[in-house]
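In what follows, a single structure is set out as structure tokens and then discussed.
The values are calculated or read from the model by the stated rules, or taken from the named source; none is laboratory data. Owing to the predicted nature of the structure, the values given are computational and were not obtained by experimental measurement. Neighbour counts are summed over all protein chains in view; Cβ atoms, including those assigned to glycine, are modelled from backbone coordinates with ideal geometry. Areas reflect the complete protein model, heavy atoms only, side chains present, ligands, DNA and RNA absent. Shrake-Rupley method; radii C 1.70, N 1.55, O 1.52, S 1.80 Å.
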Amino acid sequence: MSDSTIVLITGANSGIGYATTQLLASQPKHHVIMACRDVSKGQQALTEIQNSSDKIQGTLSVLQLDVTDDSSIAAAVETVRQQFGRVDAFISNAGTLALQSSGRAQLREMFDANVFGALLVSEAFIPLLLQSARPYLVQVSSALGSVGLASDPNDTWYATAWYEYRMTKAALNMATIQFHKRLSAQNVRVFAFCPGLVRSKIRGDSEEAITAQGAAGDPIDSAKGLVDIVQGRRDAEAGQFLRTDGSGSWPW
Ligand SMILES: NC(=O)c1ccc[n+]([C@@H]2O[C@H](COP(=O)([O-])OP(=O)(O)OC[C@H]3O[C@@H](n4cnc5c(N)ncnc54)[C@H](OP(=O)(O)O)[C@@H]3O)[C@@H](O)[C@H]2O)c1
């Protein structure tokens, strides 16, 4: 494993995390640690990816990790430390709209996963990132979290609701800026990344929700953007809030 790039992706069993795992696994010398809160879903996703094509050249493993559970985080760090001794790229992707809840409970669940979870799990893995020769820390955010866009009446998403979700991604963006300032001197390339509007179950399980009424694109495009980052093609933009397709950055 010493000559493979070790990429850990949270929420790897579904949507953007799944597509990114699949894309990385199609390339040699990559090992993807699929961090999933439900190991059986993770194992099912791993088997699907391994059976999906004969082009799988990388390797995969599943790791139990619920980003809202401190003991799960601590156990995951210890497992990775023992098995791999380092992480080359940490993609903090797990996120939720907590659609099964409402009011204060929904706010708590969203902030717990999208902000506190992303922050604390990233923090916990920093010592393993610092063992890498070329470490990357990527927070999967959303342009909906941009304060600049949210306050611009000319922006497409100006009138979009989901303001609680927007708040979580704005907070995540602030955390990313702080990670960048703290870690860039230690050679860690830190990014926030908007994956674009793509098909996934985050908006619900109906076809309408998955496709955002037909507006959502293919998560493989988000995956390409994330793979560009962890393979060094966007190093010059470290510390920024990147757009999906290589066309620059969003305002914070
Ligand atoms: N899809 C879009 O259009 C879009 C646009 C902008 C940003 N994003 C962001 O992209 C990221 C991935 O979302 P997606 O669209 O791929 O949605 P998704 O298909 O629902 O995937 C979300 C993943 O996060 C996991 N997750 C949720 N809560 C977790 C927790 N407490 N601990 C560990 N894992 C947890 C889910 O696990 P389970 O399967 O067990 O629920 C799932 O694997 C999110 O951060 C989202 O905010 C998505």
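Candidates in the range 174-198 are the residues that are within 12 Å of the ligand (Cβ to nearest atom) and of a type outside the set (A, V, I, L, M, F, W, C); of these, the one that is surrounded by the fewest Cβ atoms within 10 Å (Cβ to Cβ) is G196. Would you be able to say whether some residue in the range 6-17 is of a type in the set (A, V, I, L, M, F, W, C) and open to solvent by 40 Å² or more (accessible area, probe 1.4 Å)? Scanning the range 6-17, I find no residue that is of a type in the set (A, V, I, L, M, F, W, C) and open to solvent by 40 Å² or more (accessible area, probe 1.4 Å), so the answer is no.
Can we say V188 is in contact with a strand residue (DSSP E or B) (Cβ under 8 Å, 6 or more places away or on another chain) and either of a type outside the set (D, E, K, R) or at pLDDT below 95 (or both)? Walk me through how you get there before you give the answer.
Working: in contact with a strand residue (DSSP E or B) (Cβ under 8 Å, 6 or more places away or on another chain): yes; either of a type outside the set (D, E, K, R) or at pLDDT below 95 (or both): yes.
The answer is yes for V188.
Against the numbered list (1) more than 15 Å from the ligand (Cβ to nearest atom); (2) in contact with an Asp or Glu (Cβ under 9 Å, 6 or more places away or on another chain), R37 comes up short only at (1).
Can you find a residue that is of a type in the set (F, W, Y) and closer than 22 Å to N13 by Cα anywhere in the range 137-157? No.
Taken over the range 236-252, the criterion of being crowded, with 16+ Cβ neighbours inside 10 Å and hydroxyl-bearing (S, T, Y) is satisfied by T244, S249. Residues that are open to solvent by less than 80 Å² (accessible area, probe 1.4 Å), closer than 27 Å to Q82 by Cα and not in a helix (DSSP H, G or I) within the range 113-154 comprise L130, S132, P135, Y136, L137, V138, Q139, V140, listed in sequence order. In the range 199-235, the qualifying residues are those that are among the β-branched types (V, I, T) and open to solvent by 10 Å² or more (accessible area, probe 1.4 Å), and the one that is farthest from the ligand (Cβ to nearest atom) is V230. Any chance you could count how many residues in the range 59-103 are within 20 Å of Q44 (Cα to Cα), touching a residue at least 60 places away in the same chain (Cβ under 8 Å) and among the polar types (S, T, N, Q)? Total satisfying the criteria: 1.
Okay, residues lined up against (1) within 14 Å of the ligand (Cβ to nearest atom); (2) under 23 Å from A212 (Cβ atoms); (3) touching a strand residue (DSSP E or B) at 6+ places or on another chain (Cβ under 8 Å):
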residue	(1), (2), (3)
T47	no, no, no
I56	no, no, no
Q64	yes, no, yes
T96	yes, yes, no
Q100	yes, yes, no
N114	yes, yes, no
A124	yes, no, no
A133	no, no, no
